[in-house]
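One structure below.
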Amino acid sequence: MTELAVSAWGQPFFHNAVLAGTFIALAAGLVGYFLVLRAQIFTGDALSHVAFTGAMAALAGGYDLRLGLFVGCVAAGLLLAGIGRSGRADDVVIGSAFAWILGLGSFFLTLYTTSRSGAMGGAGTTVLFGSIFGLSTGQTLVAVLVAVAISAVVLLIARPLLFATVDESVAAARGVPVRVLGFGFLALVGACAGEATQAVGSLLLLGLLAAPAGAAIRLTDRPFRALALSGGLAVAELWAGLAASALIPSLPPSFAIMAAATAVYGATFLIRPQRAPLGTASPAAG
Amino acid sequence: MNPITGTPAAVTATRPETAPPAPTRAETPQPVLELRGAAARVGGRTLWSGVDLTVRAGEFVAVLGPNGVGKSTMVKVLLGVLPAAAGEVRVLGGQPGQSAGARIGYLPQRRSFDPSLRIRGLDVVRLGLDGDRWGVPLPFGAARRRDRERVAEAVDLVGAGAYAHRPIGQCSGGEQQRLLIAQALVRRPEVLLLDEPLDSLDLPNQSAVAALIGRICHQQGVAVVMVAHDVNPILHHLDRVVYLAEGGAVAGTPAEVITSETLTRLYRSPVEVLRTADGRLVVVGQPEAPSTHGGHHAAV
Ligand SMILES: Nc1ncnc2c1ncn2[C@@H]1O[C@H](COP(=O)(O)OP(=O)(O)OP(=O)(O)O)[C@@H](O)[C@H]1O
Ligand SMILES: [Mg+2]
């Protein structure tokens, strides 16, 4: 048992997992902060359904699974941005549409598994629960590059996006491209969902987007500090999860990462009460 | 004791460098805001038309009228968010909305933040200073110190120091309103467009904020356009008023415009302006929202 664990540290698959996971978590933490702030967590949930279906559709069509992930998630992100701005489709419509999309995913999965031999039969599980220990060096490189690009874009648009989120009409009057930012951000969420699916799977993706950000917002009320904290917490939680699952091989990495993320979020309730008592202005100014 | 009324020194100290000095601005012949025969149309309905208005630096203008007449729409036209349906509108010598955003301070009507929003009032004020810049602010350096001073100065100016460090969602409506006025002021704008800024303030605070805006306007040469539903708190700071009505508008000094004759002519129904013993104006018989006048809705 311990021999297995010790050996995991030295394996290339583990190095790939740490490398890809670090940047994936950073991107998810940064994007997640704005997702929570803009109250668009539901969008993240919807995208996790699309992630599964997109990946399955790509596999059934004979393409790279990641192509389906990214195309599906980014397209769905843009679609949701369009609905949210103009038509304001209600929750029931969005909810049923995405349940249907998930059903479509299971259809593609059946199509894929029956058309091919059982060798790749675990693809459904891979997408649902992630396969961070199964990344090749090439896949790791792509994942790192995409995650770095997502993080860089989030940092670039962070301040106007915050302005547009907190105070839309004033931001628009000041010349901030509020609508373009809204669309761009959801496209970014889509790309990030595609990324994070590779690490923790589409079922648990929401946790990586929401938990670190939720914890960061509870810990500080300074926006840029919270943004940095959200990214940092996501990376730390991913490391903790990977280490735990390397030490205890029966722990799947996705579960261990989510356990760490949930534990940190839960701990913030102990550190600081829900609502700071009125009148306790923090002494550290500015 | 209200902190606003007690800080005239802070007011005069607010625009030392970047902005052009007030005297030269006051001498510029060119008006800061200019409307010539302007009209606004929303959803196929003309709200007001034939509005002529010139606002120069250091002038304080109030926009008055019943609910739904298009006061906020007028602010949006000046901001360039909504194009004028007719006539000419010039803001700071150019088309509205053209790169003048940074020189205009804007306070939209009635905003309140989600109680769960965990962002400090200081950060919201700060967004008014640099929220349109790309990237993230650096956590060190001389620029950061200067920005922090500007924010602190604006917060002091409106007397919001006691609660600016709290999450803005936890501030009261009046406290949020003051922080938002600070946000509109923090860039030291040349034009202030304020949509019902006295809303949700109690009477002493209404006159304090009105006095503050009057001082900024007259001492620093800022052109102020303020939408109000009660003219009394700002009456003795005002240079001009614009009264909007369905179809038309009148502009002029308060003494010219807020009279029974002018308003009766404007609204085509009997309106009486009474002056109380303490100098307050009471407008009686002013029509309510245009929706009560069924005839005009045929055009919709
Ligand atoms: N986007 C829109 N589409 C259609 N009608 C609109 C739109 N925005 C405003 N209106 C209408 O235009 C009219 C004027 O609106 P506006 O907000 O300018 O009124 P206001 O004078 O500021 O009123 P209040 O005193 O209530 O603030 C209203 O009848 C409103 O219903
Ligand atoms: Mg209004």
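The values are calculated or read from the model by the stated rules, or taken from the named source; none is laboratory data. Because the structure is predicted, anything quoted here is derived from the model rather than measured. For neighbour counting, all protein chains shown are included, and Cβ atoms are generated from backbone atoms with ideal geometry for every residue, glycine included. We work out accessible area using only protein heavy atoms, side chains counted, and drop any ligands, DNA or RNA first. Shrake-Rupley method; radii C 1.70, N 1.55, O 1.52, S 1.80 Å.
Of the residues making up region B:169-178, one or more are under 15 Å from the mean Cα position of the chain (by Cα), open to solvent by less than 20 Å² (accessible area, probe 1.4 Å) and away from chain A (no Cβ under 12 Å). When only residues in region B:33-47 that are within 13 Å of ligand 1 (Cβ to nearest atom) and open to solvent by 30 Å² or more (accessible area, probe 1.4 Å) count, which is farthest from the other protein chains (Cβ to nearest Cβ)? Within region B:33-47, the match that is farthest from the other protein chains (Cβ to nearest Cβ) is B:46. Cβ-Cβ contacts under 6 Å between residues 6 or more apart (or on different chains), taken from a first residue in region B:75-91 that is over 17 Å from residue B:54 (Cβ atoms) to a second residue that is open to solvent by less than 40 Å² (accessible area, probe 1.4 Å) and away from ligand 1 (no atom under 12 Å from the Cβ), are listed as B:79/A:173; B:80/B:96; B:85/B:39; B:86/B:39.
Residue A:44 meets the stated requirement of being at pLDDT below 85 and open to solvent by less than 40 Å² (accessible area, probe 1.4 Å). Restricting to region B:210-228, give me the number of residues that are within 12 Å of the chain's Cα centre (by Cα) and either over 18 Å from residue B:57 (Cα atoms) or among the basic types (Lys, Arg) (or both). Residues flagged as within 12 Å of the chain's Cα centre (by Cα) and either over 18 Å from residue B:57 (Cα atoms) or among the basic types (Lys, Arg) (or both) within region B:210-228 amount to 1.
Here is the figure for region B:228-247: residues that are within 16 Å of ligand 1 (Cβ to nearest atom), surrounded by 18 or more Cβ atoms within 10 Å (Cβ to Cβ) and assigned to a loop (DSSP other than H, G, I, E, B) total 4.
The requirement of being facing chain A (nearest Cβ under 8 Å), over 17 Å from residue A:224 (Cβ atoms), open to solvent by less than 80 Å² (accessible area, probe 1.4 Å) and away from ligand 2 (no atom under 16 Å from the Cβ) is fulfilled somewhere in region B:110-133, by at least one residue.
Table: residues versus (1) away from ligand 2 (no atom under 16 Å from the Cβ); (2) assigned to a loop (DSSP other than H, G, I, E, B); (3) modelled with pLDDT of 95 or more.
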position: B:37; (1), (2), (3): yes, no, no
position: B:41; (1), (2), (3): yes, no, no
position: B:48; (1), (2), (3): no, no, no
position: B:53; (1), (2), (3): yes, no, no
position: B:57; (1), (2), (3): yes, yes, no
position: B:68; (1), (2), (3): no, yes, no
position: B:82; (1), (2), (3): no, yes, no
position: B:87; (1), (2), (3): yes, no, no
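Looking at B:250, B:225, just one residue is more than 16 Å from ligand 2 (Cβ to nearest atom), modelled with pLDDT of 80 or more and not in a helix (DSSP H, G or I), and that residue is B:250. Residues that are open to solvent by less than 20 Å² (accessible area, probe 1.4 Å) and away from chain B (no Cβ under 14 Å) within region A:208-221 comprise A:208, A:209, A:211, A:212, listed in sequence order. Could you list, in sequence order, the residues of region B:48-63 that are crowded, with 23+ Cβ neighbours inside 10 Å and within 16 Å of ligand 1 (Cβ to nearest atom)? Passing the criteria: B:48, B:51, B:62, B:63.
Here's the yes/no breakdown for (1) free of Cβ contacts under 8 Å to residues at least 60 places away in the same chain; (2) on the phi < 0 side of the Ramachandran plot; (3) open to solvent by less than 40 Å² (accessible area, probe 1.4 Å); (4) more than 14 Å from every other protein chain (Cβ to nearest Cβ):
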position: A:123; (1), (2), (3), (4): no, yes, yes, yes
position: A:140; (1), (2), (3), (4): no, yes, yes, yes
position: A:155; (1), (2), (3), (4): no, yes, no, no
position: A:175; (1), (2), (3), (4): yes, no, no, no
position: A:181; (1), (2), (3), (4): yes, yes, yes, no
position: A:192; (1), (2), (3), (4): no, yes, yes, yes
position: A:197; (1), (2), (3), (4): no, yes, yes, yes
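Residues that are facing chain A (nearest Cβ under 9 Å), assigned to a loop (DSSP other than H, G, I, E, B) and open to solvent by 20 Å² or more (accessible area, probe 1.4 Å): does region B:140-159 have at least one? Looking for residues that are facing chain A (nearest Cβ under 9 Å), assigned to a loop (DSSP other than H, G, I, E, B) and open to solvent by 20 Å² or more (accessible area, probe 1.4 Å), one finds none in region B:140-159, hence no.
When restricted to residues that are among the basic types (Lys, Arg) and within 14 Å of chain A (Cβ to nearest Cβ), region B:76-94 contains 1.
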